[in-house]
Amino acid sequence: MLRNEEQILSKIATNDGHGENSAYFDGWKAYDTDPYHPTQNPKGVIQMGLAENQLSFDLVQEWILNNPKASICTEEGSDDFKDIAIFQDYHGLPLFRNAVARFMEKVRGNRVRFDPDRIVMSGGATGAQETLTFCLADPGDALLVPAPYYPGNDRDLTWRTGVKLIPVMCYSSNDFKITRQALESAYKIAQESNIKVKGLLLNNPSNPLGTVLNKQTLTECLNFTNEKNIHLICDEIYSATVFSQPNFISIAEIVQENPKINHDLVHIIYSLSKDLGFPGFRIGIIYSYNDVVTNCARKMSSFSLVSTQTQHLIASMLLDEVFVDRFIKESSKRLGQRHGVLSRGLAQVGIKSLKSNAGLYNWMDLRMLLSEPTFEAEMELWRVIINEVKLNVSPGASFHCSEPGWFRVCFANMDDETMMVALKRIHKFVNQNGKIVEASSRKMWRSKLEVNLSFRRLDEIMMGSHKMSPHSPMPSPLVRART
Ligand SMILES: Cc1ncc(COP(=O)(O)O)c(C=O)c1O
């Protein structure tokens, strides 16, 4: 940044709160400059850093062809063109709100009801998270977030709002479960630093873990936030990606079963980016049980409305129950199959992943391939994976993981053949370079790691949330605006 620019532009324009100035972007750049293609560039980088659900697009394409009236740019639909084109009410099309509410109910097994009048739209979950944060917290306030967590949170919840994120440390020793103790200790750290905690952000199912929160944990989190009189935000954008037991349980179910808790403190974030695989449509939803938040968020949504053309198309699609039922079932079946292929392929060369049943990725454990248990060694290994194995996977540090050696590998943004090529490359790499570290030396690592972790934690709190640890692999808009 030139000195002059710092003086003439705003703090937001000149700080690096977007988080793109990081070595982690090298992975995206490596992919963008050398993208794999089966015939034109078979040695290129395979993109496994993109949490996109592309496995069931044939079903959507078939529906589009069978429903030309849903699109206002077809002969069958053009009669609606004018009405849709001039509609601009920030409440959104009534049919759209109704269709989204019904879809959210269906994904939750029709065990809960959603009021269409509380559906507030925004530009993807990205916009929804930011709008909600603007409603709940002031600059300098903080939200607690169990780590590892989605790197985009650092941008979406903090960059323009001035809010901080404080990680709730979770560990592999209990499969990264959120405990009351971890929540209390993050809360205490904030208090000791004179930071006001305004809420807890959960991501269920989790990106990057691919696990769902059980009823006990959800209830514990709800009790925690209720006792502290802070907000509970649940990002449930992966709710329909669950492909095996245990089932997804929404915070809406827990709220319904607990009439005594303060409903005004509970908010759900939703989006069609993952469940339907439409990140390009930018359909994000804020569902708050709080009237004031709902009203304010709706007014703020003027800044990031979903276009009425998209609302119109999506309303028709989601109200087609036969299609929706088929899509949800088939998509989860295909995700489960793909997850199985990746997990088995990794297991063949001794690589374990965290046991998971949702999401579009595996949380891969490469601790045995680190030269030592540090984040520097994780970075070193990651560079080898990008530059030599030619796979863009995402290192755990970018998810604020507390332990080095974990990597997120996305599996639903490519076809079967590309997945096979990726697995072959992993096999070759492990067979040539893999060295399983003796249990004894691993024990030694563990004690080193504990020291390393406590320093890291202190550093993070001192530096403020978006500078807490190495940045996310979020692509620069100059590279690619997707994760
Ligand atoms: C947990 C989580 N929340 C929010 C988002 C942002 O989603 P959207 O594309 O709807 O803005 C993502 C995208 O990867 C995500 O993984």
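For the pair N15 and I64, how long in nm is the line joining their label points, each one 7 Å along Cα→Cβ?
Distance between the two pseudo-spin positions: 4.0 nm.
Given a Förster distance of 41 Å, report the FRET efficiency between N223 and Q54 from their Cβ-Cβ distance, rounded to the nearest 0.05.
Using R0 = 41 Å, I get an efficiency of 0.60.
Evaluate E = 1/(1 + (r/R0)^6) for M368 and K177, where r is the Cβ-Cβ distance and R0 equals 22 Å; express this FRET efficiency to the nearest 0.05.
In this case the efficiency is close to 0.45.
As a test, work out the antiparallel percent of DSSP beta bridges whose residues both lie in the range 75-219, rounded to the nearest 5.
Of all bridge pairs located within the range 75-219, approximately 0 percent are antiparallel.
What is the mean projected area of the alpha carbon convex hull for the range 70-323, to one decimal in square nanometres?
That works out to 13.6 nm², a quarter of the Cα hull's surface.
Run through the DSSP bridge list for the range 70-323 and note the antiparallel percent, rounded to the nearest 5.
The antiparallel fraction comes to roughly 35 percent.
Run lengths n ≥ 4 of DSSP H only: what is the helix-derived mean residue ellipticity at 222 nm for the chain, with -39500 (n - 2.57) per run over all residues, to the nearest 500?
One gets -13000 deg cm²/dmol as the mean residue ellipticity at 222 nm.
If we count other beta carbons within 10 Å of each Cβ, what is the order of V322, V168, V60, fewest first?
With the sparsest Cβ surroundings first, the list reads V322, V60, V168.
Along the Cα-to-C-beta direction of K260, a point sits 7 Å from the Cα; which residues of the range 199-237 have their amide N less than 17 Å from that point?
Zone members listed by number: 219-229.
Could you let me know the centre-to-centre spacing of the range 191-242 and the range 32-88, using Cα atoms, in angstrom?
After rounding, the separation between the Cα centres reads 32 Å.
In nm, to one decimal, how far is the modelled label at Q337 from the one at Y90, with both set 7 Å along Cα→Cβ?
4.5 nm
In the calculated pair distance distribution of the chain, what percentage of Cα-Cα distances lie above 33 Å?
Across the chain, Cα pairs with separations above 33 Å total 37 percent.
To check you understand DSSP bridge types, tell me what percent of the beta bridges within the chain (both residues inside) are antiparallel, rounded to 5.
50 percent
FRET efficiency for E330 and E380, Cβ-Cβ distance as r, R0 = 35 Å, nearest 0.05?
The value I calculate is 0.30.
May I ask you to list the lysines whose Cα is less than 19 Å away from that of K43, ignoring any residue fewer than eight positions away on the same chain?
List returned: K29, K390, K424, K428.
Quick check: the distance between the Cα centres of the range 261-316 and the range 358-415, to the nearest angstrom?
32 Å
Given labels modelled 7 Å from the Cα in the Cβ direction, how far is it in nm from N214 to K355?
Modelled inter-label distance: 1.0 nm.
Values quoted throughout were computed directly from the atomic coordinates according to the rules given, and no laboratory measurement underlies them. Because the structure is a prediction, the values reported are computed rather than measured. For neighbour counting, all protein chains shown are included, and Cβ atoms are generated from backbone atoms with ideal geometry for every residue, glycine included.
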